[in-house]
Amino acid sequence: MLYPITTESRSVISLAGIWKFRFCDEEEWRSIYVPASFNNQIPEAKARFYCGMVEYKRSFCVPNICSNQRKVLRFGAVTHDAEVFLDGILITKHKGGFLPFEIDISNFSCGTTHSLLVRVDNRINHHTLPIGNEAGIAFFGSDNPGIPSVEHGKAKLAGQNLPNFDFFNYAGITRSVCIYTTPAEYISDVSIVPSVEGSTGVVQYEIVATGNGIPFVEIVDENEQVVASLEGMKGILRIENATLWNPKPGIPYLYTARINYGIDKYELSFGIRTVEVSGTSFLINGRKFYFKGTGKHEDSPIRGRGIDQCLNLKDIGLLHWLGANSFRTSHYPYAEEMYQLCDREGIVIIDELPAVGLNFQGALNPYRLGNASYHSKLLQELIDRDKNHPSVVMWSLGNEPDTEHFPADAYHYWHALYMQAHRIDPQNRPVTMICCQNDYTKDLTTRTMDVVCVNRYYGWYNLSGNLAVAKDAFREEMNFWRNIGKPFILTEYGADAIPGMHAVVPEMFSEEFQVEYLEAMNEVLDEYDFVVGEHPWNFADFDTQQGPMRAGGNHKGLFSRDRTPKMAAYAVQRRWKCKNIE
Ligand code: BDP
């Protein structure tokens, strides 16, 4: 799916601004800003804890100068499910809160005012991704099973959102909404597959278009020089002495494909780089790559999960400041604009689906609940959206599912997605799934991924506070993974630190303990040469649902929520900037 841009044949009309908004159990309309989550914009408990449908509406007019053009209404993301009505007619529906969707509205006239209404459902359950609990047990709630009075109380929680994941369930029209126009005959998709032969960059392309024309493709370098060109729906272009896209400390060089199709013109930036898993190494451009970075969230106090390019830019700057080269879009695809920024800034992305929370136990085997086709649809949408980004080097099918209690079911479920990703990604990137702390000897799935990615909390959620014992336990597990013979990334490890809380004797929740915790785990990582990356959890403190283990959110950030560095940020910076970990 192409990102909407303005060119000499296309225009983009933003629908950002103040819209009308209401909860569906209310008559009255309020004001709301789009794009942003609604939860923190309205200072009422209802907005924060609402579970159900809300409505957004506004009117718009497409100028007469666009009357001969094709018109498309596009949403960057609506969390979680959307129904869109134009002049009272249902024109499209979309399920899934983190990927774009669009609908051709050429039949609606220019020069007149139209009413747009979007119904948004923020409910999560066992059939959504991410997963919501239906049995009245909150993820970080106090469970106390079996106590009659508590059980009766839990039954009354029905009708509330009970996230089975550790981030706040922000919702609404969270990313850009626009109307874009194209000529009647138009380019609808482009796929770019780069490879390298000696000093030559080889660019295989394929175009999908509607109409009778023949596309003409020009590749332009950063000096605006045309370095290759070709006519045809698909073909192979060769660029002599190509400059490769490299993550830091290299140069993230970008070429631009300029595509002409009849009167339509579209431009796409891309990088020439290769990605490959070889033995226990992860290679970018044939060189060993070591992932230094963090898991992240799209999270800020007022916009919630709403797109915030200013914050994105700040975060990329802080990743450079840390000496990081990568992050994982934990736990859902991020806004498209973030990937564009990373292409330009040379930051590498592990791109993750919103499949988090597939870990309820007992009779509720997540693999038999029928999520597979929806999960597979999201994988298709993710790859359609992100397939051309040089920054994206690996797909993550999901985070911390239960792979231990139903090992065979889990394997079949995840293996099908693994095969799908390899089949549909034109660049055939490595594929992974992020493993929960479990009995790894029973898990049949993690070891079958291209890169073993595990989240571990030795010394925090288990063996709490005892780092010497935690290190030994971690070593014991690492010996197991060494025998699997695949590259390994520690995709999460972390300790909460309340900003400003200090201790002479480092104990849990102090900034000093967070530093000692990360150093202890790093010491173990450094003993194993199949380790190709370390992603402390998390880049910054972030909002979660309330619960007895969360004091104003999750505090495992290297930075506070307002991006002030904690002691751990300086410790990590010292390691990543000074130590030569390839
Ligand atoms: C991991 C989850 C992550 C949590 C983290 C934590 O993947 O979403 O925020 O633990 O507890 O299990 O801090």
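The values are calculated or read from the model by the stated rules, or taken from the named source; none is laboratory data. It should be emphasised that the depicted structure is a prediction, and the values quoted were computed from it without experimental measurement. When we count neighbours, we look across all protein chains shown, and the Cβ atoms used for this are built from the backbone with ideal geometry, even at glycine.
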Residue within segment 446-465 that is within 16 Å of the ligand (Cβ to nearest atom), farther than 30 Å from residue 194 by Cα, modelled with pLDDT under 95 and not small (Gly, Ala, Ser) present: no
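A quick yes/no check of all residues on (1) surrounded by 14 or more Cβ atoms within 10 Å (Cβ to Cβ); (2) part of a strand (DSSP E or B); (3) touching a strand residue (DSSP E or B) at 6+ places or on another chain (Cβ under 9 Å):
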{"residue": "193", "(1), (2), (3)": "yes, yes, yes"}
{"residue": "204", "(1), (2), (3)": "yes, yes, yes"}
{"residue": "212", "(1), (2), (3)": "no, no, no"}
{"residue": "228", "(1), (2), (3)": "yes, yes, yes"}
{"residue": "235", "(1), (2), (3)": "yes, yes, yes"}
{"residue": "259", "(1), (2), (3)": "yes, yes, yes"}
{"residue": "276", "(1), (2), (3)": "yes, yes, yes"}
{"residue": "292", "(1), (2), (3)": "yes, yes, yes"}
{"residue": "298", "(1), (2), (3)": "yes, no, yes"}
Qualifying residue in segment 239-256 (condition: in contact (Cβ under 8 Å) with a residue 40 or more places away in the chain, part of a strand (DSSP E or B) and over 28 Å from the mean Cα position of the chain (by Cα)): no
Looking only at segment 57-98, and only at residues there that are in a strand (DSSP E or B), among the hydroxyl-bearing types (Ser, Thr, Tyr) and over 23 Å from the mean Cα position of the chain (by Cα), the one that is farthest from residue 337 (Cα to Cα): 59
Residue within segment 335-347 that is closer than 18 Å to residue 77 by Cα and either within 16 Å of the ligand (Cβ to nearest atom) or part of a loop (DSSP other than H, G, I, E, B) (or both) present: yes
Where a residue in segment 280-303 is farther than 21 Å from residue 575 by Cβ and its partner, wherever it lies, is of a type in the set (Gly, Ala, Ser), with Cβ under 6 Å and at least six apart: 303/36
Per-region count, segment 41-56, residues in contact (Cβ under 8 Å) with a residue 12 or more places away in the chain and assigned to a loop (DSSP other than H, G, I, E, B): 5
Enumeration of residues in segment 323-348 that are surrounded by fewer than 24 Cβ atoms within 10 Å (Cβ to Cβ) and under 13 Å from residue 294 (Cβ atoms): 323, 325, 347
Filtered residues of segment 368-424 (kept if in contact with a His (Cβ under 9 Å, 6 or more places away or on another chain), more than 17 Å from residue 451 (Cβ to Cβ) and of a type outside the set (A, V, I, L, M, F, W, C)): 370, 371, 374, 413
Members of segment 533-558 that are part of a strand (DSSP E or B), within 15 Å of the ligand (Cβ to nearest atom) and either touching a Leu at 6+ places or on another chain (Cβ under 8 Å) or farther than 23 Å from residue 399 by Cβ (or both): 540
Residue check, residue 205 within 16 Å of the ligand (Cβ to nearest atom), in contact with a Gly (Cβ under 7 Å, 6 or more places away or on another chain) and either at pLDDT 95 or above or of a type in the set (Lys, Arg) (or both): no
Pick from segment 478-499, criterion in contact (Cβ under 8 Å) with a residue 12 or more places away in the chain and more than 28 Å from the chain's Cα centre (by Cα), ranking: farthest from the ligand (Cβ to nearest atom): 482
Complete set of residues in segment 559-582 that are away from the ligand (no atom under 15 Å from the Cβ), part of a helix (DSSP H, G or I) and among the aliphatic types (A, V, I, L, M): 567, 569, 571, 572
Residue check for residue 309: touching a residue at least 12 places away in the same chain (Cβ under 8 Å) and touching a Leu at 6+ places or on another chain (Cβ under 9 Å): yes
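Within 16 Å of the ligand (Cβ to nearest atom) and among the small types (Gly, Ala, Ser): which single residue out of 323, 357, 370 fits that description?
Testing whether each residue is within 16 Å of the ligand (Cβ to nearest atom) and among the small types (Gly, Ala, Ser) leaves just 357.
Which ones in segment 500-532 are away from the ligand (no atom under 16 Å from the Cβ), of a type outside the set (Asp, Glu) and in contact (Cβ under 8 Å) with a residue 12 or more places away in the chain? Lay out the reasoning, then the answer.
Step one: filter segment 500-532 for residues away from the ligand (no atom under 16 Å from the Cβ), giving 500-507, 510-512, 515-516, 519-520, 522-532.
With the extra rule that they be of a type outside the set (Asp, Glu), the set shrinks to 500-506, 510, 515, 520, 522, 524-525, 528, 530-532.
Hits for segment 500-532 are 510, 515, 520, 522, 524, 525, 528, 530, 531, 532.
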Contacts under 7 angstrom Cβ, first residue in segment 63-88 being surrounded by fewer than 18 Cβ atoms within 10 Å (Cβ to Cβ), partner basic (Lys, Arg), 6 or more apart: 83/93; 83/119
Subset of segment 104-127 that is within 23 Å of the chain's Cα centre (by Cα) and either modelled with pLDDT of 95 or more or surrounded by fewer than 18 Cβ atoms within 10 Å (Cβ to Cβ) (or both) - its residue that is farthest from residue 371 (Cα to Cα): 120
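Can you give me the number of residues within segment 422-468 that are aliphatic (A, V, I, L, M) and under 24 Å from residue 554 (Cβ atoms)?
Let us first name the residues in segment 422-468 that are aliphatic (A, V, I, L, M), namely 424, 431, 433-434, 444, 449, 451-452, 454, 463, 467-468.
After this cut, where a residue has to be under 24 Å from residue 554 (Cβ atoms) as well, the list is 433-434, 454, 463, 467.
Counting residues in segment 422-468 that are aliphatic (A, V, I, L, M) and under 24 Å from residue 554 (Cβ atoms) gives 5.
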